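Heads up: the structure comes next, in structure tokens.
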Amino acid sequence: MRNAIGSKPSVIILAAGRGVRMNSIMPKVLHKILDKPMLQYVVDSAARLNPFRIVIVVGRHYEEIKRSIDPASTKGRIRFAVQREPKGTGDALSKAGTFLKDFKGTILVLNGDVPLITAQTLGKFLRLHRKGKNDISFISFIAHDPSVYGRVLRNDSGNILSIIEEKDTIEAQKKITEVNSGIYAIESDALGLLKEILPNTLKGEYYLTDIVGIARKKGCNVGAYLIGSESEMMGVNTPSELLKAQQTFRRILIDKWINRGVMFLDPGSVFISGNVKIRSGAMIYHGVYIEGKTILGRDCIIHPNVHIIDSIIKDGVVIKDSTVIEGSTVRSKAVIGPFAHIRPGSDIGSEAKIGNFVEVKKSMIGKGTKASHLSYLGDASVGKDVNIGAGTITCNYDGREKHKTTIEDNVFIGSDTQFIAPVKIGRGAYVGAGSTITKYVPPMSLAISRTEQRNIKGWAAKKQSSVVSCQSSVRNKKSKAGKRKGG
Ligand code: UD1
Ligand code: MG
């Protein structure tokens, strides 16, 4: 059997197992590490190899798994094979075969529960497999606790004999620390060997690992490559392994950003997911979560307990404590928070200020505009250098539909103003504090809608004297009644 040097590989990802050790109704491979399901990590690493096709073997949670995979990551090269009953990894691989009938070359087999594997290691592995002209290869590693993996059996000359699972080991084999990662390269011509796998005597499952021993006995070229680290190869079968993978991955990412000039005050308390990009000079305080496709610009300062999701934060932005920013853009040198909420679809202009207890939803806020306290700006378009007074509310919802508020450049909005949308405020206009604005305000004018103030002289003195005379008459009545009772 020969392998196709230089041609694109195909990838099969095994993801149909029951995952009983996870103790969860959710399919094991959909459990998340930071913000992405485990399986997506494997798909992403596979996609970076630019494969001919990716086949994911799924079980009864077929629809759920299909929905969870980002189609953009695979450019239409993905197919789903169904293994109705999880009869073992060998059986799972055979289910993928029909989707690769038109393929000749190297098939890279990955486990959906080995999420931290990198494209670099996979690329290196494929090169070694091809260089060795192997029919079957797999990645092995030295495990701290080998009992949760299949052991690699070699003869005295170091040649591979087979892989043996923990339950099938004898005492002497339990001491072996070289284990199987579950990552294989199999030439398409060698796939026929799958038919020769017999059910495991203890579990009744068809173990893919048996293909290694079968291939050796038939005189095929088999290679095992001790590459990559234990943390990269770790399999996730239990909640505690998931937590360990999460911690490992989090630390790998943080170290990467530290090496690229990002500063952290307490990196152990910060979560930054895999797709986030951070420019150098950013300073990140404790308890910060940065998720999704967020890009953080140069020299940003992110204060404690800030949560940023899918947002673009430009250079020099300061985000103060306990602020949440989702699906929005914050332009350079803007200052956000503390306790602000920037909801999806917002665009905060450069040098703008969004202060404490201000909520902005699907709104454009112009350069230098300030909304410093206690406001709600929803479906609004606010121009440059606008002052939004404390307590300003855009009343954008009439119970059925959302309406827009437009505030042009250099407008001054007094405190406690409500805009009954749709409404527009012209350039340079003023709105008096406490106003309810229901119609167009022309440029450079003053709109004021509160009732005129009246001062009633002596009112308080009169009220106090009437209260005093009322109290003394009540006291008199009580004392007369008391005397009657006593007499
Ligand atoms: C497997 C290997 C073990 C290796 C370890 C690496 C076997 C028999 N053992 O053990 O040698 O050290 O991975 O992490 O292969 N799956 C299916 N259909 C099934 C059963 C499993 O698609 O019928 C999928 C699972 O969803 C999972 C992968 O195959 O993604 C591995 O299955 P799992 O049960 O986790 O095997 P391990 O016990 O971890
Ligand atoms: Mg596993």
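The values are calculated or read from the model by the stated rules, or taken from the named source; none is laboratory data. As the structure is a computational prediction, the values presented were derived from the model and not from experiment. Note that each Cβ is placed from the backbone with ideal geometry, even for glycine, and that neighbours are counted across all protein chains shown. Side chains are part of the model used for accessible areas, which takes the heavy atoms of the whole protein and leaves out ligands, DNA and RNA. Shrake-Rupley method; radii C 1.70, N 1.55, O 1.52, S 1.80 Å.
Of note:
- FRET efficiency, 1/(1 + (r/R0)^6) with R0 56 Å, evaluated for Glu230 and Lys439 via beta carbons: 0.20
- Shape of the range 92-143, Cα gyration tensor, a/c cut at 1.5: oblate
- Residue-by-residue Karplus 3J(HN,Hα) for the range 394-405, coefficients 6.51, -1.76, 1.60, Hz, glycine and proline x: 8, 8, 8, 10, 9, x, 10, 10, 9, 10, 9, 10
- Accessible surface of the range 239-447, 1.4 Å probe, proportion on carbon and sulfur as whole %: 54
- Note on Asp102 and Asp315: the model spin-label points, each 7 Å out from Cα along the C-beta direction, lie 4.9 nm apart.
- The packing ranking, built from the mean of other Cβ atoms within 10 Å per residue, places the peptides 264-270, 27-33 in the order 27-33, 264-270, highest first.
- Summing +1 for each Lys or Arg and -1 for each Asp or Glu among the other residues whose beta-carbon sits under 13 angstrom from that of Gln173 gives 0.
- Under 13 Å from a label point set 7 Å out along the Cα-to-Cβ vector of Lys203, the amide N atoms of the range 88-108 belong to 88-92.
- Close amide H pairs (under 5 Å, H built 1.01 Å from N) link Gly19 with no residue at least 5 positions away or on another chain.
- Per-pair calculated FRET efficiency, R0 = 60 Å: His373 and Val82 via Cβ, rounded to 0.05: 0.60
- Backbone phi angles across the range 300-314, fed through the Karplus curve with coefficients 6.51, -1.76 and 1.60 (θ = phi - 60°), yield HN-Hα couplings of 6, 10, 10, 6, x, 6, 8, 10, 10, 10, 6, 10, 10, 10, 7 Hz in residue order; Gly and Pro are listed as x.
- Size-normalised alpha-carbon gyration radius of the chain, reference 2.2 N^0.38 Å: 1.46
- A crude spin-label estimate for the pair Lys480 and Phe339, with each label 7 Å from Cα along the Cβ direction, gives 5.5 nm.
- Chain lengthening between Asp70 and Lys131 when straightened (0.36 nm per residue, less Cα-Cα): 18.6 nm
- Candidate lysines - alpha carbon under 16 Å from Lys367, same-chain residues fewer than 8 apart omitted: Lys314, Lys333, Lys353, Lys384
- Sorted peptide list for 170-178, 449-457, criterion being average Cβ within 10 angstrom, highest first: 170-178, 449-457
- Other residues whose C-beta falls under 11 angstrom from the C-beta of Gly337 contribute a net charge of +1, scoring Lys and Arg +1 and Asp and Glu -1.
- Applying the Kirkwood pairwise sum to the alpha-carbon positions of the range 10-226 produces a hydrodynamic radius of 17.5 angstrom.
- Calculated diffusion of the range 189-287, Stokes-Einstein form, Kirkwood radius summed over Cα pairs, 4 °C and 1.567 mPa s, µm²/s: 74
- Per residue accessible area in Å² of the chain, where ligands, DNA and RNA are left out and the probe is 1.4 Å: 50
- For the range 257-351, a/c is less than 1.5, where a ≥ b ≥ c are the root eigenvalues of the C-alpha gyration tensor. That puts it in the rounded class.
- The calculated FRET efficiency for Lys402 paired with Ser280, based on their beta-carbon distance and R0 = 51 Å, is about 0.80.
- Potential extension, Asp266-Lys124 segment - 0.36 nm per residue separation minus Cα distance: 47.7 nm
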